[in-house]
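Trainee: If you scroll down you'll find the structure; I have some questions about it.
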Amino acid sequence: MKKFLSIMLAALMLVSAFCFVGCGKDDSKLTVYTEAGFAPYEFIYNGEVVGVDIEIVKAVAAELGKELIVKDVAFDTICTAVSSGKADIGAAGITIRADRAEQVDFSIPYSSTEQYVIVKTSDTTTKSLDDLKDKKIGIQQGTTSDMLIDGLIKDGTLGSATITPYTSPAVAAASIDKLDAVVTDKLTAQLIVANSDTLKAFPLVKADGTPAAEVEEYGIAVTKGNKELLDAVNKVLEKLIADGTVDKWVEEYSAKAQEVGA
Ligand code: GLN
């Protein structure tokens, strides 16, 4: 029996050693995937990815004593990378949703948002969803804006409207001449139009003035089952939310984003 147990133990150790090498996972590093076109949560400033989410994951890395690696990737690949373990964390203003929670574990919420629409300042007719009927709408691929507009096209609400996907909301807004409107999250929309004479942004509402979609909350995505990491993220977030640091960062990085027109 003893011999059997020690053989089992040796086998187990061999398997874990192989996995350590084979999985290529370096435990001293915390790998975070983001998409740096989403101010003030992540954007490029002086050639570096900065923002509220980056500050949050810096605090998590410090808490764990790990080196932070930030990778700028397409938004719609982030949850898959976190799910496969290629990334430890996804931090990209990711709205907590039941379908995404099947793929990744979410932290406690740290910010909330609603859907906004960006149109040309000269557009005086677009006021509600009804006015987006049969129009060309730009969105960031794989986002909640994409899912919302896609659903409204499929259920007939938006008639023959079409979606044009972009890598970021700012890139979509820069292409407004080819579009009628861009739909994205509130703060990002407000920052995109802040420095523009030709663009304006307002909440996406139904014809009766009620919001077109429910309020959304952002969470940090963690590889499913990594309880230790999720607990650390939540511990850090609880403190940063309670002492007003997240709010302070939202202000600070909104100002920085405006400075560089992100
Ligand atoms: N909150 C939105 C989503 O999760 C958009 C996030 C983003 O564009 N970075 O889909």
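The values are calculated or read from the model by the stated rules, or taken from the named source; none is laboratory data. Please read these numbers as outputs of a predicted model, since none were measured by experiment. In this analysis, Cβ positions are derived from the backbone assuming ideal geometry, glycine residues included, and neighbour counts consider all displayed protein chains. Keep in mind that these areas ignore ligands, DNA and RNA; they rest on the heavy atoms of the full protein, side chains included. Shrake-Rupley method; radii C 1.70, N 1.55, O 1.52, S 1.80 Å.
Trainee: Sorting Glu63, Glu102, Glu55, Glu42 by accessible area (1.4 Å probe), largest first, what list results? Could you put the intermediate results ahead of the total?
Mentor: Working: Glu63 85, Glu102 145, Glu55 35, Glu42 0 Å².
Ranked list, largest accessible area first: Glu102, Glu63, Glu55, Glu42.
Trainee: Can you give me the Cα centroid spacing of region 190-262 and region 25-70 in angstrom?
Mentor: Distance between centres, Cα-based: 15 Å.
Trainee: Moving on to the next point. Pairs Lys127/Lys224; Lys58/Lys133; Lys178/Lys206; Lys133/Lys200: which are spaced more than 31 Å apart, C-alpha to C-alpha?
Mentor: Table pairs above 31 Å Cα-Cα are Lys127/Lys224; Lys58/Lys133.
Trainee: Right, something else. Calculate, in nm to one decimal, what Ser160 and Asp208 gain on full extension: separation in residues at 0.36 nm each, minus their alpha carbon distance.
Mentor: Residue separation times 0.36 nm, minus the Cα-Cα distance, leaves 15.1 nm.
Trainee: Can you say what percent of the DSSP beta bridges in the chain, counting only those with both residues inside, are antiparallel? Round to 5.
Mentor: Values: 24 of 39 bridges.
Given both bridge residues lie in the chain, the antiparallel proportion sits at roughly 60 percent.
Trainee: A follow-up question, please. Identify the residues of region 219-262 with backbone N under 20 Å of a label point that sits 7 angstrom from the Cα of Ala174 along the Cα-to-Cβ direction, or state none.
Mentor: Those under the cut-off are 254-262.
Trainee: So what is log10(I(q)/I(0)) for region 51-207 at q = 0.09 1/Å, when the Debye sum runs over its Cα atoms only?
Mentor: -0.33
Trainee: Would you please name the GluC sites (Glu not before Pro) within region 208-248 that are DSSP coil residues with at most 14 other C-beta atoms within 10 Å of their C-beta?
Mentor: Glu214
Trainee: What are the extents of the Cα atoms of region 131-217 along their three principal axes, in Å, largest first?
Mentor: Projected onto the principal axes, the Cα atoms of region 131-217 cover 35, 25, 23 Å.
Trainee: Also: Thr80 versus Lys127, label points 7 Å from Cα toward the beta carbon: distance in nm?
Mentor: Between Thr80 and Lys127, the simple spin-label model gives 4.2 nm.
Trainee: Return the carbon/sulfur percentage of the accessible area of the chain, one whole number, probe 1.4 Å, all protein chains in place. Don't skip to the answer; put the middle values down first.
Mentor: Values: 7420 of 13180 Å².
It is 56 percent, rounded to a whole number.
Trainee: Can you give the accessible area per residue of region 159-262, in Å², using a 1.4 Å probe?
Mentor: On the way: 5260 Å² over 104 residues.
It amounts to 51 Å² per residue over region 159-262.
Trainee: What does a probe at Met147 reach in region 211-230, counting residues whose amide N is under 20 Å from the point 7 Å along Cα→Cβ?
Mentor: Label zone hits: 211-225.
Trainee: Output the 0 to 90 degree angle, nearest 10, between the alpha-carbon long axis of helix 2-22 and the longest principal axis computed from the alpha carbons of the chain.
Mentor: 40
Trainee: Can you give the angle from 0 to 90° between the axis of helix 227-242 and the longest principal axis of the chain, with both taken from C-alpha atoms, to the nearest 10?
Mentor: Here the helix axis deviates by roughly 50 degrees.
Trainee: I've got another one for you. Would you report the distance distribution of C-alpha pairs in the chain as whole percents per 10 angstrom bin, up to the bin with the largest distance?
Mentor: Values per bin, smallest distances first: 7, 28, 31, 19, 9, 4, 2, 1, 0.
Trainee: Please calculate the 1.4 Å probe accessible area of Asp208, with all protein chains present, and give it to the nearest 10 Å².
Mentor: 110
Trainee: Something else about it: Per DSSP H run of at least 4 residues, take -39500 (n - 2.57); add these up for the chain, divide by its residues and hand me the 222 nm value, nearest 500 deg cm²/dmol.
Mentor: Helix-only estimate at 222 nm: -12000 deg cm²/dmol.
Trainee: Just going by the charge dipole of region 112-262, with Lys and Arg at +1 and Asp and Glu at -1 on Cβ, which of Ile192, Val222, Thr162 is farthest out on the positive end?
Mentor: Thr162
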